[in-house]
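Taking it in order: structure first as structure tokens, then the write-up.
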Amino acid sequence: MKRYISIFALSLICGIAVADEGMWLPSLISQRIGDMQAKGFELTAEDIYSINQASLKDAVVLFGRGCTGELISSEGLLLTNHHCGYDQIQKHSSVEHDYLRDGFWAMNRSEELPNPGLTVSFLDRMEDVTEKVLEGYDESMTRQQRDSIVRANKAALIAEAIAPGNGLRASVESMYYGNKYYMFVYRVYSDVRLVGAPPSSIGKFGGDTDNWMWPRHTGDFSIFRIYADKDNNPAPYSEDNVPYTPKRYFHIAAGGIEEGDFTFVYGFPGRTSEYIMSDAVRYISELSNPHKIALRTMRLDIQRRYMDADQAVRIQYSAKNANVANAWKKWQGEMRGINRLGTVARKQAYEARFNEWAAGTEYEGVVPALDSLYDLLEPYMFALDYYYEAPNTVEIVKFAMNMLALAEQGSDSALTAAAEVFYKDYYLPIDKECFIAVMKAFDENLPEGFRPEYFDSTLAVYGSVEAWADGLFAHSAFTDKEFISALGSEGIAALYDDPAAEMGRELKAWVNTQIYPEAIRLTSELGLLYHDYMRGQMEFEPEKAFYPDANLTLRVAYGHIKGYTPADGVYYEPFSTIDGIMEKDNPDIFDYNIPQKFRDVVATGDYGRWGEGGSVPVCFIATNHTSGGNSGSPVIDGKGRLIGVNFDRVWEGTMSDIEFDPDFCRNISLDIRYVLFVIDKIGGAGHLIEEMTIETE
Ligand code: ARG
Ligand code: ASP
């Protein structure tokens, strides 16, 4: 007991975070390296991030605009999630070769498939530019003056950073609510080819049923290759391009992992809000999430009913349904997590203590001021939530607006393409029923003073939401595929007064004129106060190690493999195996219908190098602090080798974007041995494994 007390006391003195909470900036990782090493990391800060030598950061990329990927061979081979490569796999799929259903494996370089529009970004360097961004600013200036100075300085810094060209992109990001600014310079490669993907019945095994949950058995990975010009520089797709030679790639540790092992996730978390006020958390858990969940439940139920009744509709709506379901399920876990933790009450108590401490300091009055701003902001946020989750989800309305916008640009080919994409996956009865459900909720829940005048007057004309739906779907020309597909820009532009176009335009005008201006004004006032509140929190708790909220910049999270107790009397082991896949396997349940080949391989028991104890490990959980955007991130062992691929979090821990609870927050990763097993035994693509460096010690 005595030992624990002294360790705890020590951790307070040194500012060591007791739990594995935190997503740290790689360039400042030397501040954490002692703690990392104490927990099992065997390398140095320079191994993680260096601008003088190749380091692990050179093997990690921002994949597309919201995922992470890692280099796993000296020839540009890249690993990410199946759900991150989903769009590319889908785009290459057709009835003749359905790669989503059957999987895809390039058997040689010439079979690798290019993906226009897809990029991967390597972080060249990051730099604290706070002083440069604030150059010319002094405290006597107004907010507008500060904003314009910051904007001009940022633009100049970016222009200078990307001047050498060669695929460079730069951005300046605010950290700690504008108390720090960092510049990130990336090298962006745009010739990225699809190399391999398992069938969805492996890559999406468990589907939305298992999404955000543990135990998990999803083979959520796909493989790409980066191509470069002859000098290894970024270049648009060309047959003459050659595989990119990375400065660094991950060696793979296939020797097995154990509970308690050190793990480190290196990737691009998208957005967290760990330092927000209790008012903001209360809004999320008591108003925003419940309403958004209710709206999505209605849509999901309607979609599901039609999908169950018709195979073609099931295919049309499967990606849409998964999209709607993903956040819907996360919000429910988040809300429960916040309630269980009592985050609102805890934050209120913290704010009271802060406020007392702040008396007589420059932070006096900050908390009450934030508080009253939130009161003013709340109805605007609520209106925005309803706009985005109700009228803005009506497919025909969004389509009409999109087509009119394209018509204005005058591109007939863009119109034809957009119409084709839309009608391929459109089923009017779903859209119409969803319209009725969400617009009724819109009517019932939007308070006086925050309702669009257009909505009330149109509803009065029709008499009911149902009658409005009848009118809209019967009279909108946009429901007529043949008619719309044959129109060019002029013809589409003439549909300006179509009821779907009108509804979209009017409600958008309402948000833009009645809601956004005030919401933006209040939010920017909040932003200024948060600037102070954040700095105040750091002064109030000088012993605490603060990490900046996620903002899609490269971060390090570290922890260890660990099970958890989701509920009284239940303990979850940290590992899953293919035995669990066989237990779930059911040809009659879409989410659990594994490929026959998989059953055959399991029947032979020939797992090659990838087996352990007569089975194959599939997924594991650990205490790393991750968020959306960390999908595809490398999970690294104490020696800097790849042991897994991150893809999700457990349901009971999804509030980690707001408050991290070491008892419940776990990230979910694929065990790298399952990835190799699928490539080797199911995909028959052993030549890819030949390229990798695999260590078994
Ligand atoms: N929950 C994971 C994430 O937030 C995976 C989502 C994709 N899978 C799905 N079944 N919708 O991205
Ligand atoms: N599934 C998420 C992603 O796509 C990861 C997470 O939210 O934990 O980034």
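The values are calculated or read from the model by the stated rules, or taken from the named source; none is laboratory data. Since the model is a prediction, treat every value here as computed from it, not as a measurement. Every residue, glycine as well, gets a Cβ built from its backbone with ideal geometry; the counts of neighbours run over all protein chains shown. Heads up: the accessible areas ignore ligands, DNA and RNA and are worked out on the full protein's heavy atoms, side chains in. Shrake-Rupley method; radii C 1.70, N 1.55, O 1.52, S 1.80 Å.
May I ask you to list the residues in the range 297-326 that are free of Cβ contacts under 8 Å to residues at least 60 places away in the same chain, closer than 11 Å to Ile430 by Cα and more than 15 Å from ligand 1 (Cβ to nearest atom)?
Asp301, Arg305
Name, by its number, the condition in (1) over 35 Å from the mean Cα position of the chain (by Cα); (2) exposed (fewer than 13 other Cβ atoms within 10 Å of the Cβ); (3) free of Cβ contacts under 8 Å to residues at least 60 places away in the same chain that does not hold for Leu459.
Unmet for Leu459, out of (1) over 35 Å from the mean Cα position of the chain (by Cα); (2) exposed (fewer than 13 other Cβ atoms within 10 Å of the Cβ); (3) free of Cβ contacts under 8 Å to residues at least 60 places away in the same chain: (2).
Out of Val645, Val675, which single residue is more than 12 Å from ligand 1 (Cβ to nearest atom), out of contact with any helix residue (DSSP H, G or I) (no Cβ under 7 Å at 6 or more places or on another chain) and within 30 Å of Asp606 (Cβ to Cβ)?
Val675
Of the residues that sit in the range 522-537 and are open to solvent by 60 Å² or more (accessible area, probe 1.4 Å) and of a type outside the set (Ser, Thr, Tyr), which one is farthest from Leu377 (Cα to Cα)?
Per the criteria, the residue is Arg535.
For the range 650-666, give me each residue that is within 11 Å of ligand 1 (Cβ to nearest atom) and open to solvent by less than 10 Å² (accessible area, probe 1.4 Å).
Correct list: Val650, Thr654.
Can you tell me which condition Ala519 does not meet? The list is (1) open to solvent by 40 Å² or more (accessible area, probe 1.4 Å); (2) part of a helix (DSSP H, G or I), and all the others hold.
(1)
Does Phe590 fit the bill of being of a type in the set (Phe, Trp, Tyr), over 30 Å from Gly360 (Cβ atoms), touching a residue at least 40 places away in the same chain (Cβ under 8 Å) and surrounded by fewer than 18 Cβ atoms within 10 Å (Cβ to Cβ)?
yes
Mind checking which helices (runs of 4 or more DSSP H) fall wholly inside the range 579-697 and carry at least 3 residues that are in contact with a Phe, Trp or Tyr (Cβ under 6 Å, 6 or more places away or on another chain), polar (S, T, N, Q) and farther than 24 Å from Phe104 by Cα?
It comes to none.
Of everything in the range 544-580, what is among the hydrophobic types (A, V, I, L, M, F, W, C) and either open to solvent by 30 Å² or more (accessible area, probe 1.4 Å) or out of contact with any helix residue (DSSP H, G or I) (no Cβ under 7 Å at 6 or more places or on another chain) (or both)? Give them in sequence order.
Ala545, Ala550, Leu552, Ala557, Ile561, Ala567, Val570, Phe575
Can Val313 be described as among the β-branched types (Val, Ile, Thr) and buried (at least 20 other Cβ atoms within 10 Å of the Cβ)?
Answer is no for this residue.
Being touching a Lys or Arg at 6+ places or on another chain (Cβ under 8 Å) and small (Gly, Ala, Ser) is the filter here; which residues of the range 202-238 pass it?
The one that is touching a Lys or Arg at 6+ places or on another chain (Cβ under 8 Å) and small (Gly, Ala, Ser): Gly206.
Looking at Ala294, Ala319, Ala325, which one is surrounded by 17 or more Cβ atoms within 10 Å (Cβ to Cβ) and in a helix (DSSP H, G or I)?
Ala325
Would you say Glu135 is farther than 23 Å from Ser190 by Cβ, touching a residue at least 12 places away in the same chain (Cβ under 8 Å), open to solvent by 80 Å² or more (accessible area, probe 1.4 Å) and part of a loop (DSSP other than H, G, I, E, B)?
Spelling it out, Glu135 is indeed farther than 23 Å from Ser190 by Cβ, touching a residue at least 12 places away in the same chain (Cβ under 8 Å), open to solvent by 80 Å² or more (accessible area, probe 1.4 Å) and part of a loop (DSSP other than H, G, I, E, B).
Looking at Glu583, Glu612, Glu541, can you tell me which residue is more than 22 Å from the chain's Cα centre (by Cα), under 21 Å from Asp35 (Cβ atoms) and away from ligand 2 (no atom under 16 Å from the Cβ)?
Glu541
Would you mind finding the one in Glu362, Glu378, Glu351 that is modelled with pLDDT of 95 or more and within 18 Å of Pro290 (Cβ to Cβ)?
Glu378
Just to be sure I understand the filter: pairs with C-beta atoms under 7 Å, separated by 6 or more residues or on different chains, first member in the range 413-425 and without any contact (Cβ under 8 Å) to a residue 40 or more places away in the chain, second member surrounded by 14 or more Cβ atoms within 10 Å (Cβ to Cβ). Which pairs pass?
Final answer for the pair search is Ala414/Leu406; Ala418/Asn402; Ala418/Met403; Ala418/Leu406; Phe422/Phe399.
Could you say whether any residue in the range 588-598 is within 16 Å of ligand 1 (Cβ to nearest atom), under 19 Å from Phe262 (Cβ atoms) and of a type in the set (D, E, K, R)?
no
Need the failing condition index for Asn232 against (1) within 13 Å of ligand 2 (Cβ to nearest atom); (2) farther than 15 Å from Ile672 by Cβ, just the number.
If we test Asn232 against (1) within 13 Å of ligand 2 (Cβ to nearest atom); (2) farther than 15 Å from Ile672 by Cβ, just (1) comes out false.
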